[in-house]
Amino acid sequence: MKGLILPAGLALGLCFIHAVNGAAAEPPPSLDPLQGKWTVAKTNQDGQPYSQAIEIRKDRLSFELRDAANEVRFAGKATIKAEKSGAFLAFVLSNIEAGRSTEDLRPVEESRAFLYRLQEDRLFVASNFDRERENERPQVDAYTRLENRAQPATGAAEGEAKLLGLWKLEVTLGDSSRDYELRLSKAEGRLGAVLISPRSGERRCKSAEFKDGQLVVKVEREINGNAATIVYKARLDGDTLKGTVAVEGAEDQYSGQVKGTR
């Protein structure tokens, strides 16, 4: 479908760097490490937040862009194939379909690819480095793994799996209340968390642990010029996270309540 402008985060731009002439072909890398669902939170040029998610199942990739109200604004799907050239990894997309929703997909007359690097729970994706495209600038996005269905969750892991994803937090300290977002993900057996403030941006949490049905997240901040560790403790109550927040070692001065919803 000519004329369709893909979002910069999806980009699907052909950025695979070919080996120099005469270089021996290398076997293609496996798609197994990329399996699952990945997301990235972003802000547009007007300062409005939005999110992008890609989901890879075997050799199929799907994409969604959602606005601040969690409404789908763009969607796509394609066949995905991993390639390698020297030190560079890429996944190439073909049979692309895209549109304003999953019910309104149309063929895109182009095959594209991303350079990528996988590190812990992050998938770094580079796009639009091969040519100029209208409204699509070269950039690198850092996606966080939300889900990997290659290993089915059971028992305690099933409870932990229910926590993965993006939560909207309301934190109350005394008479004041502030809103945040908490993004929980898991990679290589480790739980990871990122706290997102609409005022100061993203902050990777010091630690995240789910034990005996309780989520404990620690965030390093600065309070009145002093380093401090803020501890969030919460349990699932249906589809809601409920718990407490306090400054480690100063609970009598800084403590309150936290509530999380999807």
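Every number in this text was worked out from the coordinates using simple rules, so none of it is lab data. None of these values were measured; they are calculated from a predicted model. Using ideal geometry, Cβ is built from the backbone for each residue, glycine included, and neighbour counts are taken over all protein chains shown.
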Among residues of segment 203-222, those that are loosely packed, with under 13 Cβ neighbours inside 10 Å and not basic (K, R), counted: 4
Positions within segment 160-181 being part of a strand (DSSP E or B) and not aliphatic (A, V, I, L, M), in sequence order: G165, W167, K168, E170, T172, S176, S177, R178, D179, Y180, E181
Of all residues in segment 169-200 being in contact with a strand residue (DSSP E or B) (Cβ under 9 Å, 6 or more places away or on another chain) and acidic (D, E), the one that is nearest to Q119 (Cα to Cα): E181
Residue match in segment 242-252 (condition: surrounded by 14 or more Cβ atoms within 10 Å (Cβ to Cβ), within 23 Å of the chain's Cα centre (by Cα), closer than 25 Å to A68 by Cβ and of a type outside the set (S, T, N, Q)): no
Of all residues making up segment 88-127, the number that are assigned to a strand (DSSP E or B) and more than 17 Å from K37 (Cα to Cα): 17
Selected residue (only one of S111, S62 is of a type in the set (S, T, N, Q) and either more than 22 Å from G165 (Cβ to Cβ) or out of contact with any Gly (no Cβ under 9 Å at 6 or more places or on another chain) (or both)): S111
